[in-house]
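Asker: My questions all concern the structure below.
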Amino acid sequence: MNLKPWIAIAAISLSGAAFAQDSSSLSVEGEALLTETAAPEHMENVDTIYSGWRFRSGETQALQTDDFDNPAMIFVDKGIDLWAKVDGTEGKSCSSCHEDVADFAGLRTTLPRVEDAGLVTMENLVNECRTERMGAEAWKYSKGNMTAMTALIGLQSRGMAMNVAIDGDAAPFWEKGKELYYTRVGQLDMSCSNCHEDNYGTMIRADHLSQGQINGFPTYRLKNAKLNSIHGRFKGCMKNIRATPFAEGGEEFKALELYLASRGEGLVVETPSVRN
């Protein structure tokens with residue numbers, strides 16, 4: 001696709017070759033986190049994958065290196081409170097069944113995954129526990145309680161490499177996600193790949209396009225001063241290209257999440273990350 005029409009319509013400027021920021025050393029609370037590795041074999045057009053952290057300004061990068069400075073940690077604290085809060089008709093909290101949230105170390109790296117012939121995300125697992133075991137109402141997919149809880153659970157996997165299954169029962173979901181990634185949609189006739197594969201590293205609205213890696217979600221965006229879910233970001237991207245978004249928590253976005261998670265294989269969980 002020729003990007004010139006898009007540039008003219010959106011009144012933005014792209015400049016510079018695709019590159020990642022020179023600062024490649026991300027250390028959080030003394031733990032070194034990998035921000036660059038060889039692309040997985042199934043990626044045909046990219047040799048090296050980079051964390052979205054690599055494309056941020058030095059000031060934004062610094063916020064993620066210290067949990068005290070990371071604005072997302074306020075929401076993790078909220079998740080801790082929710083973990084211990086009794087809710088629902090069964091008189092239970094998360095901690096009633098799961099003694100220590102640290103027991104979920106590694107979970108974030110394997111999601112989404114197939115269960116009962118369907119694809120499930122962390123949000124699905126949280127709501128299943130709430131409705132089936134606690135007798136509580138399901139939380140909305142991308143609202144504050146859910147992102148606080150998924151940030152808390154995701155934090156337990158920080159520093160562990162993404163490694164979702166894409167074969168066997170997961171294969172058709174992965175193929176669907178791949179199809180969505182490369183399909184042009186919306187008034188601007190664009191796909192995910194147009195930005196995050198063909199033009200990562202270029203400038204757009206005073207910021208660098210990243211490869212669209214999702215290993216840091218939920219992520220705190222300085223732009224809207226809140227935690228953003230993976231599907232919430234998908235929805236925002238589709239709106240930006242003037243397309244009608246799929247439903248958060250719907251089958252399309254779950255398949256796309258699986259495909260994107262597979263594109264980050266080998267990068268480590270940074271949850272909760274900080275982005276512009």
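Read the figures in this text as sums done on the coordinates, not as results from a lab. Predicted model, so just to flag it, every value in this text is computed and none were measured. Counting neighbours? That spans all protein chains shown, and the Cβs are built from the backbone with ideal geometry, glycine included.
Asker: Work out how much length D77 to A138 would gain on full extension: take 0.36 nm times their residue separation and subtract the Cα-Cα distance, in nm to one decimal. Intermediate results must be reported in sequence, preceding the final value.
Answerer: Numbers: separation 61, 0.36 × 61 = 21.96 nm, distance 2.04 nm.
Extra length available between D77 and A138 comes to 19.9 nm.
Asker: Report, in degrees rounded to the nearest 10, the 0 to 90 angle that the Cα long axis of helix 251-263 makes with the longest principal axis of the chain.
Answerer: So the helix axis and the longest Cα principal axis differ by about 70 degrees.
Asker: Would you work out the relative contact order for region 73-155, in percent, from Cα pairs under 8 angstrom that are 6 or more residues apart? Walk me through the numbers on the way to the answer.
Answerer: Numbers: 93 pairs, mean separation 35.6, N = 83.
Value for region 73-155: 43 percent.
Asker: Looking only at the chain, where both bridge partners belong to it, what percent of the DSSP beta bridges are antiparallel (to the nearest 5)?
Answerer: Details: 17 of 21 bridges.
That works out to approximately 80 percent antiparallel.
Asker: Next up: Using a cut-off of 14 Å between alpha-carbon atoms, which aspartates and glutamates can reach K92, once sequence neighbours fewer than 8 places away in the same chain are excluded?
Answerer: Correct list for K92: D81, E128, E132, E137.
Asker: Still on this structure, I have one more. Shape of region 200-276 from its Cα gyration tensor (a ≥ b ≥ c, root eigenvalues): rounded if a/c is under 1.5, otherwise prolate when a/b > b/c, or oblate?
Answerer: Details: a/c = 1.34, a/b = 1.06, b/c = 1.26.
Judged from the Cα gyration tensor, region 200-276 comes out rounded (a/c under 1.5).
Asker: Give the long-range amide H neighbours of L267: residues separated by 5 or more places, or on another chain, with amide H under 5 Å away, using H modelled in the peptide plane at 1.01 Å from N.
Answerer: M162
Asker: Once both labels are modelled 7 Å past Cα along the beta-carbon direction, what's the H98-E29 spacing in nm?
Answerer: Once both label points are built, they end up 1.7 nm from each other.
Asker: Per DSSP helix of 4 or more residues, -39500 (n - 2.57); summed, then divided by the residues of the chain. What does that give at 222 nm, rounded to the nearest 500? Display every interim value, and only then the final one.
Answerer: Details: 10 runs with 90 residues, N = 276.
Calculated from helices alone, the mean residue ellipticity at 222 nm is -9000 deg cm²/dmol.
Asker: OK, next. Would you please give the residues with an amide H less than 5 Å from that of S273, counting only those at least 5 places away or on a separate chain, with H modeled from the backbone geometry?
Answerer: The answer is Y220.
Asker: Starting from the Cα-Cα distance between E252 and F68, subtract it from 0.36 nm times their residue separation and give me the gain in nm to one decimal.
Answerer: On the way: separation 184, 0.36 × 184 = 66.24 nm, distance 3.62 nm.
Gain on extension, E252 to F68, equals 62.6 nm.
Asker: So for each of 115-128, 213-226, 86-99 I average, over its residues, the number of other beta carbons within 10 Å; can you give me the resulting order with the highest mean first? Walk me through the intermediate numbers first.
Answerer: Numbers: 115-128: 16.9, 213-226: 20.9, 86-99: 13.7.
Averaged packing, sorted descending, gives the order 213-226, 115-128, 86-99.
Asker: Could I ask something else about it? Would you mind checking the tilt of helix 230-240 against the longest principal axis of the Cα atoms of the chain, expressed as 0 to 90 degrees and rounded to 10?
Answerer: So the helix axis and the longest Cα principal axis differ by about 30 degrees.
Asker: Please compute the alpha carbon radius of gyration of the chain, then divide it by the globular-protein estimate 2.2 N^0.38 Å. Two decimals is fine. All intermediate terms of the calculation are to be shown ahead of the outcome.
Answerer: Numbers: Rg = 18.4 Å, N = 276, 2.2 N^0.38 = 18.6 Å.
That works out to 0.99 for the chain.
Asker: Return the whole-Å distance between the Cα centroid of region 90-169 and the Cα centroid of region 26-58.
Answerer: Taking the Cα centre of each part, region 90-169 and region 26-58 sit 24 Å apart.
Asker: So for each of 165-174, 229-238 I average, over its residues, the number of other beta carbons within 10 Å; can you give me the resulting order with the highest mean first?
Answerer: 229-238, 165-174
Asker: Counting only pairs 8 or more places apart or on different chains, how many lysine pairs in region 165-276 have C-alpha atoms closer than 21 Å?
Answerer: Eligible lysine pairs with Cα atoms under 21 Å apart amount to 12.
Asker: Rounded, prolate or oblate: which fits region 62-164, taking a ≥ b ≥ c as square roots of the Cα gyration tensor eigenvalues, rounded meaning a/c under 1.5, else prolate when a/b beats b/c?
Answerer: Working: a/c = 1.87, a/b = 1.22, b/c = 1.53.
It is oblate, given that a/c is not under 1.5 and a/b is not larger than b/c.
Asker: By how many degrees, between 0 and 90 and to the nearest 10, does the Cα long axis of helix 171-182 differ from the longest principal axis of the chain?
Answerer: So the inclination is approximately 40 degrees.
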